[in-house]
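Enquirer: Quick one: this structure, given as structure tokens, is what I'll be asking you about.
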Amino acid sequence: MQTRRHLWWSLIAIDAQVALAAGLPPIIDCNSWQVQNFCEIAEDMTHLGFHSQYCQKSVLGLLVGGKVEFYKTASKILHVIHSKRFSREDLDYILELINTSRSNLISRQRQISEIEMTLASLPSSMNGKDEMTTLRESQSNPVLAHFAKTVLSLLIFKPYTIIQGPARRQKLDSYLLEKDPE
């Protein structure tokens, strides 16, 4: 079941990426389907049957979850931009989406930093690794943590590039600066 959810949300993300690149609305409307998000808990915990909120999330799970959430937001933004004439009300709604997305991505960066600190305090592993140790290290390691935080940082600012063109075309760029000076 988890694999199907991961596949579905990957398709949503790819659809939004292609739409962003082409300047077109996404083909798939996320609001038309009821699919649960996939689990961000480290794979070694889910294989052992743990699905508790107390299990530690993995860097990989936080990164993929952040990208999926971002592209779901981007999909909504693109649908608003392409559905009708772009107005102040539309811009206000999009800025709400952007602020929610920004908060989510910053929270994920903080969680990754916490995992990074935990990783730094762990003793270096020995040569005789079992499968679970290898799996855990592939999902949460310092290099991946740095990469994930960088990608999430870039995704924080990407929605502004999406709305710049439509805001300028409708002469709403000064309104945008007034509403969100950053």
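Enquirer: Starting from the Cα of K171, step 7 Å toward the Cβ, then list every residue of the range 79-112 with an amide N under 18 Å from that point.
Expert: Counting only backbone N, you get 85-91.
Enquirer: Separate question: What is the gain in length, in nm to one decimal, between A120 and S87 on full extension, counting 0.36 nm per residue of separation less the C-alpha to C-alpha distance?
Expert: Extending this stretch completely gives an extra 7.0 nm.
Enquirer: Leaving out ligands, DNA and RNA but keeping every protein chain, what accessible area does Y175 have, in Å² rounded to the nearest 10, with a 1.4 Å probe?
Expert: Around 20 Å² of this residue is reachable by solvent.
Enquirer: Moving on to the next point. Label points 7 Å out from Cα along the Cβ direction at L95 and S113: separation in nm?
Expert: With each label placed 7 Å out from Cα toward Cβ, I get 2.7 nm.
Enquirer: Can you give the extra length, in nm with one decimal, that the chain gains between Y160 and H79 once fully stretched, where that is 0.36 nm per residue apart less the Cα-Cα distance?
Expert: Roughly 27.6 nm would be gained on extension.
Enquirer: What net charge is computed for the residues neighbouring K149, neighbours being all others with C-beta under 11 Å from the C-beta of K149, Lys and Arg scored +1, Asp and Glu -1?
Expert: Taking every other residue near K149 into account, the sum is +1.
The values are calculated or read from the model by the stated rules, or taken from the named source; none is laboratory data. Quick caveat: nothing in here was measured; it's all calculated off a predicted structure. Please note: Cβ atoms are built from the backbone with ideal geometry, for glycine as well, and neighbour counts cover all protein chains shown. Just so you know, the surface numbers come from the protein's heavy atoms only, side chains and all, with ligands and any DNA or RNA stripped out. Shrake-Rupley method; radii C 1.70, N 1.55, O 1.52, S 1.80 Å.
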